[in-house]
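Values in this text are rule-based calculations from the coordinates and carry no lab data. All values derive from a computational prediction rather than experimental measurement. Don't worry about glycine lacking a Cβ; one is built from the backbone with ideal geometry, like all the others, and counts go over all protein chains shown.
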Amino acid sequence: MIDSLSPRLALLVPEMMLLAGAVVVALMGLSKRRGVRDALPFITCGVLLLSIIALPLTYTTPRALDAHLLLPLLGRFVKPLIAVMGVWLVLLSVGSVDRRLEDSVARGRQPFDAQRVARGEYYAFLLLSLMGAMLLCNATDLIWLFLAIELVSLPTYIMVAVGGHGSRPQEAAVKYFFLGAMSTAVFLYGFALLYGSTGSLELLAIRDALAAQAAGNGIDGLAMIGIALIVLGLCFKVTAVPMHFYAPDVYEGAPTHVSAFLSFVPKTAGFTALVIILTCVGWTGHAIIAPDGVRVQYLGLPTPIAAILWMVAVLTMTLGNIGALLQTSVKRMMAYSSIAHSGYLVLGLIAGASAGIDAIYLYLVAYGVMTIATFAALASLERRGEEINAFSDLAGLRVRHPVMAWVLAMSALSLVGMPPFIGFFAKISLFIAAFEANQLGLVIAAVINSAISGLYYLRLTLTPLVAPPTARSHEVTSVPSRWPQVTAVVCGLATIVLSCAAGALLDAARSAGASAPSTPSTHSHGEHP
Amino acid sequence: MALIWISIALPVIAAIAVALGPASRARTTALIGSLLSLAALTLFAWEFPAWTSGAHFPTGEAAQWVKGAGVSASVGFDTVSLLLALLTAFLMPLCVLGSYSAITDRVKEYYGWFLVLGSSILLAFAARDAILFYIGYEFTLVPMTLIVAIYGGPDRRVAAIKMFLYTFLGSMFMLAALLYLGWEHRIASGSWNFDIDALTATAVRLPTSSQYWLFAALMVGFAVKVPLFPLHTWLPLAHDQAPTAGSVILASALLKLGTYGNYRFALPMAPAGGAELMCVVAVLSIIAIIYASLICWVQTDAKKLIAYSSISHLGLCMLGLFALNPMGAEGAVFYMVNHGLSTGALFLCIGMFYERYHTKDTDVLGGLAKRMPVWASFMVFFTLASIGLPGLNGFVGEFLCLGGTFMAEHDAQTGYPGVLGPWYAIVAGLGLIFAAMYLLILLGKIVWGPLREPTAHATHSTHDSSHATPHGIQLAAHSSHEPVLPVDLSVREIAVLTPLAVACLWLGLQPTPMLDAISPCTERLLVHYPAQVERVMAEHAASLTGSDQSPSSQPTSNSLNSQ
């Protein structure tokens, strides 16, 4: 036990750094000096950068292979991804958290009250949530997996509530919390059934048990229901149908920088959890047992799971895209767009181990960059001290804020999958994965959906660049902080620069997605290659 | 290889220079950039060793882009793509020069987008990798949509959105078809690869039913771009609303991407599907020819008239391509180039009087020969080229397309059986008669006849500040932000039109070198077709007469096989 603990702990150095950083940031947030409080986001970034530096030093391949992980090298891709996007998500929020409170303190309208400031907590929770997403990669058993997923989600409920001002974020937070709690109950129930069926909490043991079941009479009903419940519960994290209802309200109600966080971090965590669970199930070795006792092997997940994922994929992308068509609020549109992109990503889950996992992670990189660019551009603008929300606020944006208009246009084109932006490469790698899994029908559904999505993303491209300014949009000004703009420009440029590196990213994701070899005990069962 | 990349990259570099430099120098930078790109491509064409072999150059391994997905950055030309790329590079500087006075607002963006558009089209023609082609093909939409949406007429946004959505929808089907082919290649050879030659080799081995759907999916994508009836409805609006240079590049280069796509992808990749569906395409082409001609006849907007005539002409081009014999295919390729020259020039001519009068309405304008004699002579020249007057370029292409269609009979002695034949040619020929009529009527209205100039109330001006007066020279001066134009063409405008006129005349008088260069390519294109067409005809005959009488189709195929 001790032997296996030390390499595992070494793999968790980045997480420990984030935890320490969270404590430091939470305490410093209570400082009476404004300068210290203003430095919080940059300290948070520093912590994240340190963890990025620490990662290659500590996460070595032999150690990872010793740690009894299901997907030993997953962390080498996912942890830096989380940390890098985390840096931009922090910079995107500079100056937004506690803005009104700090203003009135600075003007002397009210004294500094350590109980009312929330900035320290905000960044501490943000670090904790990112830490949860990183911990997820190293999960060895169901308990760890469950705790990590909850560690991603619980801080986000609070971030929604404290990140802004007024009652709308609080309303959104309550809604988000209750639906989140329900989804947790669903997948926890699934975990329980899976445990009941396989008799183990260890992921490797579960994988071997399920493989043995599959090689025998097929995965039993209890485990199948358990897996189905886990998938449905995780649909909440990734905003997929049927657990997507909260997304538009929460994204719109939450402050823009939190919406950006919600659209990327829980989605990445949710898909990582889904990849881990479905790796336990396996994309090979399943068979139908015909009435005369003959086993007919087929490619892919067990039929019931594949059918559920198939419906989730088609419904998610269709409802997401159609919902997005009807919106007048940019943030609601982005919420539906986030739903639609989850639908595309499910294609990778169905396709599975060979090409699906790397396509999912390339897509998450692309999605992170383009969605953060969009939200950063929105966060860098305000109208009469309020957030930008309606499309009409963006009309003719290029007259006064040309750079932000261009960023919005570029990220929208990338979101629609226009070459040569990174979104295009991500999309074709997903389509290719779906082809590999013989899912021509899903590709056609995704193609039709991409065509539908052209309509509303085109609106996001043309409104800032082409539409004449209106009375409303004349009142749009930049927020005082420059950092959201910097984030927008960097992520906007990344949508095109990253496409040069699409091949390298895909290779990196592929090596990260390799699963651990089966333990000798399964080989003794025979049949499973 | 280097020269190709230089000619593609130069416009982009120039676009960045335009974006960073001052607005006053934007157009000069754009002109220099596009001229250098043309020079690089001309140099490449000068050294091009495969003019008469029909092969591609350069060949060889290219850098992998996305290795896992088999996408590589390989470029190379055969004669056909090189001609079309040269056409594009040739038109770019002329379009830039032609926009000098028309674009006065947001100048930097305009030239920047224009250069990016040019290099994107060049990339599509040069690509030897299907995904690389798709990148060029699809990305043209972005600059073109913005050029129409920002610089166009009153309905510009509707036109731009319509254009974007039509083309985007079509090209998604095309992308799915290309990915499907990549997958078939993966099954056959074990690795993903999107090299066009490799895909073609895979595709021709597919079963007929797969090829049928493959052809249909590719055709949907390219038919929107050509545009083929009934997917053409975005085009007249886009042309009508686009600024002059936008119309020129749209008609001359972008629509050619559709016909080129048929030449490069749909026809060679799915011969079995092409043979099954050629009748459908031919009938749609003929409907386009006749229907668009009839619309032209009643059209009073000069620019829309040329736009519809463009649909009609490209219908003829498609008909020639789908005659599936060397004569028709050669004619179609030749016609692609010619249509680019003469229609582009006509759009420029119309743009020139539009800049002076701010109307394109042929009921309001008339007799401009009296006011603008130099312009009138160019207009008449290009109209005649477009009608197909012998001695000018349009004639050769039209004649070959029609001839190819005429000869595409099931018992043709050329070794290339077809299902079209004289009746198709005769009906399509009606379109040419219509073309002569509507274009001459257009000339009669705006060039000759009594001088009619718009009054202030009759103008359909985009700029509310500019009011037309009876005197061409003053009316432009009324709006403060527009430069003053002379009554007749300026030296700059003559410099734009002269190279086009020379090219039209030269290709009309000396078509042989170009046809010789095209013919090996078209023979390669059609290599699978005689057998496929015979198969389809035999199946057809069998299904018509019943299986017991199927030997009746045997003599035909025997006589052809003996040749």
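Just a few scattered comments:
- Taking the C-alpha atoms only, the angle from helix B:302-321 to the longest principal axis of chain B is near 20 degrees.
- When chain A is described by a simple charge dipole with +1 on each Lys and Arg Cβ and -1 on each Asp and Glu Cβ, the residue from A:Ser153, A:Ile43, A:Thr61 located farthest towards its positive end is A:Ile43.
- 0 to 90° range, to nearest 10: angle between helix B:2-20 axis and chain B longest Cα axis: 30 degrees
- Rounded to the nearest 0.05, the FRET efficiency derived from the C-beta distance between B:Cys279 and A:Asn217 at R0 = 41 Å is 0.15.
- Between the C-alpha center of segment B:10-52 and that of segment B:225-245 there is a gap of 27 Å.
- FRET efficiency for B:His540 and B:Ser53, using Cβ-Cβ distance with R0 set to 30 Å, rounded to 0.05: 0.25
- In this rough spin-label picture, where each label sits 7 Å from Cα along the Cβ direction, the B:Val487-A:Ile53 distance is 7.7 nm.
- A straight Cα-to-Cα reach below 17 Å connects B:Lys303 with the lysines B:Lys360, B:Lys445, residues fewer than 8 places away in its own chain not being considered.
- Centre separation in Å (Cα based) which lies between segment B:65-95 and segment B:149-191: 18 Å
- The distance between label points at B:Leu294 and B:Ser377 comes to 4.0 nm (points 7 Å beyond Cα on the Cα→Cβ vector).
- Annotation: aspartates and glutamates with alpha-carbon distance below 20 angstrom to B:Lys304 (same-chain offsets under eight excluded): B:Asp155, B:Asp240, B:Glu355, B:Asp361, B:Asp363, B:Glu453.
- In straight-distance terms, cross-link reach from A:Lys331 covers every one of the lysines whose alpha-carbon lies under 28 Å from its own, apart from those fewer than eight places away in the same chain; here that gives A:Lys79, A:Lys175, A:Lys237, A:Lys267, A:Lys427, B:Lys162.
- You can think of it this way: the chain between A:Glu386 and A:Ala20 has 128.3 nm of extra reach, that is 0.36 nm per residue less the Cα-Cα gap.
- Taking 0.36 nm per residue of separation and subtracting the current Cα-Cα distance, fully stretching the chain between A:Val174 and A:Arg400 would add 77.7 nm.
- Relative contact order of chain A, defined on C-alpha pairs under 8 angstrom at six or more residues apart (%): 15 percent
- Three-way shape call for the protein assembly as shown based on the alpha-carbon gyration tensor, with the a/c threshold at 1.5: oblate
- Whole-Hz couplings from phi, Karplus 6.51/-1.76/1.60, listed for segment A:121-135; x for Gly and Pro: 4, 4, 6, 5, 5, 4, 5, 5, 5, 5, 4, x, 5, 6, 4
- Förster-model FRET efficiency, 41 Å R0, B:Leu389 and B:Asp197, C-beta, rounded to 0.05: 0.55
- Positive-pole candidate from A:Gln115, A:Ala240, A:Phe191, dipole of chain A, charges at beta carbon: A:Gln115
- Based on C-alpha pairs under 8 angstrom that are at least 6 apart in sequence, chain B has a relative contact order of 14 percent.
- Only the Cβ atoms of Lys and Arg (+1) and of Asp and Glu (-1) were treated as charged; on that basis the dipole of segment B:2-556 about its Cα centre amounts to roughly 1120 debye.
- Top positive-direction residue, dipole computed over chain B with Cβ charges, set B:Gly70, B:His313, B:Ser377: B:Ser377
- Label point distance in nm, B:Trp5-B:Thr104, each placed 7 Å from Cα along Cα→Cβ: 4.3 nm
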